[in-house]
Structures are given as structure tokens and as C-alpha cells.
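Visitor: Sharing a structure below in C-alpha cells format, with a few things to ask.
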Amino acid sequence: MIGLVVNPVAGIGGPAGLAGSDGAEVQRLAVARGAHSRARERARIAMQVLAARRPSLVIATAADAMGADAVRSAGLVPWVVHSTESGPSSGMTAAADTSAAVAALAAAGAGLILVAGGDGTLRDAAAGLARTAAAPPAVLGIPAGVKMYSPVFAVSPRAAGALAAEWIDGVLPTADREVLDVDEVAMRHARVDPVLHGMLRVPFRIGRTQSRKAATPTSEVAAVAAAARGVVRRMRPDTRYLLGPGSTTAEIARQLGIRKSPLGVDVILDRRLLLAAGSEQQLLAEVAQGPAQAVVTVIGGQGFLLGRGNQQLSASVIRALGEDPLMVVAPEQKLIDLHGLPLIVETGDAEIDARLSGHIRIVTGVATTSLYAVAAPDTDL
């Protein structure tokens, strides 16, 4: 049996430039900045893929916005085994609601539970399963959060649906994988230290299940500095640069003498910081002022360029940046460590993802670049 749990507020802090969605106050601030969660929509997309292959499937789930709404909208039948009094119909839930819902689905006999959210949501799912007496089911994250360091997610909502369909066929291997998360309060004070919160058994297929994120080794410090210098040398006057998160982009800011926001997207013009940790709407306003380009790096081990931790650089922002929206920077070893797998763009907009697919030039040193393949995660689905 397949189960589904949705965190209705997952990811709401991303477009708002808040680098996370944990806590009621952060969620209220995100709403005030005009952001909304994409979790329900992304869960619906996963269910639609499953419905196309298994149209008569019954999905065990939680009530209303925590799952049943997405199941019904995809044309499948929900079997509601859990409801909460925290207000799922209003879209505001707490961590305990996710834990309780996942535990209820496990008790109902779900063999695979899809959980729509980010690292925090999957951390809550692991906590819920830790309280169950029965053998824990497999769990797969539908990527819908801001932070997604954990290798427990599918690479896209459509990939999650495809993996669930394969799970029913009984041909999909599983692997025990880490649930990681960072303390968002500490993160906003420039301390980014992912902490292990548990293990989950995860269906795995190369290209559809997200890989482990690899940290930049200290031996790569010189290579990171050289790649950052390569970007600084290429920066043009009178052009706004939207500097995304990452250790390599942090080195760019350091070389420019700018204090970068942890995990935020900052706007730089002529070596001056114009905007720190901008929201999607603020970035759109900056791009409208004149020539602009986003500077992004590669997530080590995973290969994501867009869609993980930089949701402020939304499809709307990429579209507004014009014909040459990205300057990509990474030390050569990061590309070698991908073992030939393509870089991934997952903005949630199929037209933008297709437009960015192909090959892209990557700044790897002061005067060196590499041409590398980029793919949307759903091209074969």
C-alpha cells in the first residue's frame, strides 16, 4: 500500500528569502512577503504520475491539506487514516502533525510513504516512525522544501510518482539513508551545520533518487578560490549579479569584500552589496532595473543548479534574466565527482527547465572553463 503525507507549509520560506520554513513566526513572515507553499501542488504532480500508471489505486493518507486533497485532485481515491486538530484545512500545521500522520500510516500498513516537504518534514517523519512498534515502512520525499540536504528525496515530484509506481511492481531496491537538517536559527547567524536526525529506508534508482550532498573538502580550498577569482574577473560594470548560496559563492563575496548572507541570494552591483537575502519579489524588482545575471554553484554530489536551497531564483526570475541567465561556478573536482551524471535544473516550470537543458559553460578557475551537460529531471518520464 502507498501512503501520502503533505506538510502544507513546507517550502514557504524559500521564495520569501528566509532560507527555511521552520516555526510559525517564519511562516507568517513568508506569507506577509507574498510567498506560498508549493507542497500540495508538488504532491498532486507525484500522484498524477502514479494515477496514470495505476488509475484504480487507493492511497492511505491524512485528511484535507495533509494529503487527501492532493490524492483527490490527481483522480485517485484517498483512504483517510489520520486527521489532526491543528488546522490542516487552514494550511497551518506543526511538526507533531507530520510525525503523527506518518505513524498512523505505518500502523495502517503502508509499505511506502511519500512525504512532501523538505529536510525538516522528513526529520519529523523519521521521528514519527521511531515511535512505532511495527517494522518501519520505506519512505520517499517529494521535494517541496527549502533545505534538502538529505538523500531521501526523489529528484522531482514526477520522479517520486514514477518510483512509487515501480515500488508497486516490486522491482525497486531500497537503501538506508541519512535524514539531515540544520538549525535554522543558527543558520541565520552564519552557522550551517547539518545534523543527523535518523535513518530511513528509501527506494533507490540512479537518476531518480537524490544523491548524498558532498561537502567541499578542505583540500579544495585553493581550487574554490581560483574558481571564485574567475567569476570576479568576469563581472561586468553596471550589471547586477544575483549571488546564490554555497561555499564557492561565499568565497566570491569574500574576495569582493562583501559579507554574504548564509544560504541567501544577495544582489551585487559594481562590487557593492545592494540587497541581502532577497525574496523572489525583491529579486524580480532588481532584475527590472537593468542588466542582471544569477551566479550559482553546483551542489556537490547531487549536481543541482536550481531548485535546492535557492528557490528565490524561481522560474519567473530566470525568465526575467533573459537569454543568458546563469553564470555557473565550481571547482573542476566537483564535476569529476558527479561521474558523468548531468547537472540538474528543477524549477518546477517545464519550459524553463527545458530551456536550460543541454550544455552550459562552468567557470572552474581564473582563466579556465568547462562545458558540462545539464538536464531537467523529468525528461524520460
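The values are calculated or read from the model by the stated rules, or taken from the named source; none is laboratory data. All values derive from a computational prediction rather than experimental measurement. All Cβ positions, even for glycine, are placed from backbone atoms using ideal geometry, and neighbour counts span all protein chains on display. All accessible areas refer to the heavy atoms of the entire protein, side chains included, with ligands and DNA or RNA removed. Shrake-Rupley method; radii C 1.70, N 1.55, O 1.52, S 1.80 Å.
Visitor: Which condition from (1) hydrophobic (A, V, I, L, M, F, W, C); (2) in contact with a Lys or Arg (Cβ under 8 Å, 6 or more places away or on another chain); (3) farther than 21 Å from Gly13 by Cα is the one that Ile299 breaks?
Guide: Condition not satisfied by Ile299: (3).
Visitor: Take segment 243-260 and flag every residue that is open to solvent by 20 Å² or more (accessible area, probe 1.4 Å) and either within 14 Å of Ile299 (Cβ to Cβ) or within 23 Å of the chain's Cα centre (by Cα) (or both).
Guide: Of everything in segment 243-260, those that are open to solvent by 20 Å² or more (accessible area, probe 1.4 Å) and either within 14 Å of Ile299 (Cβ to Cβ) or within 23 Å of the chain's Cα centre (by Cα) (or both) turn out to be Pro245, Gly246, Ser247, Ala250, Glu251, Lys260.
Visitor: Name the residue, out of Asp324, Asp349, Asp266, that is within 15 Å of Gly246 (Cα to Cα) and among the acidic types (Asp, Glu).
Guide: Asp266
Visitor: I would also like to ask the following. Just name the residue that is modelled with the lowest pLDDT out of those in segment 119-177 that are crowded, with 24+ Cβ neighbours inside 10 Å and β-branched (Val, Ile, Thr).
Guide: If we take residues in segment 119-177 being crowded, with 24+ Cβ neighbours inside 10 Å and β-branched (Val, Ile, Thr), then Val146 is modelled with the lowest pLDDT.
Visitor: Next up: With the requirement that a residue be surrounded by fewer than 23 Cβ atoms within 10 Å (Cβ to Cβ) and more than 14 Å from Asp378 (Cα to Cα), what does segment 329-351 give you?
Guide: Selection gives Glu332, Gln333, Leu335, Ile336, Asp337, Leu338, His339, Gly340, Leu341.
Visitor: Only one of (1) touching a strand residue (DSSP E or B) at 6+ places or on another chain (Cβ under 7 Å); (2) closer than 19 Å to Gly13 by Cα is not met by Met148, so which one is it?
Guide: (1)
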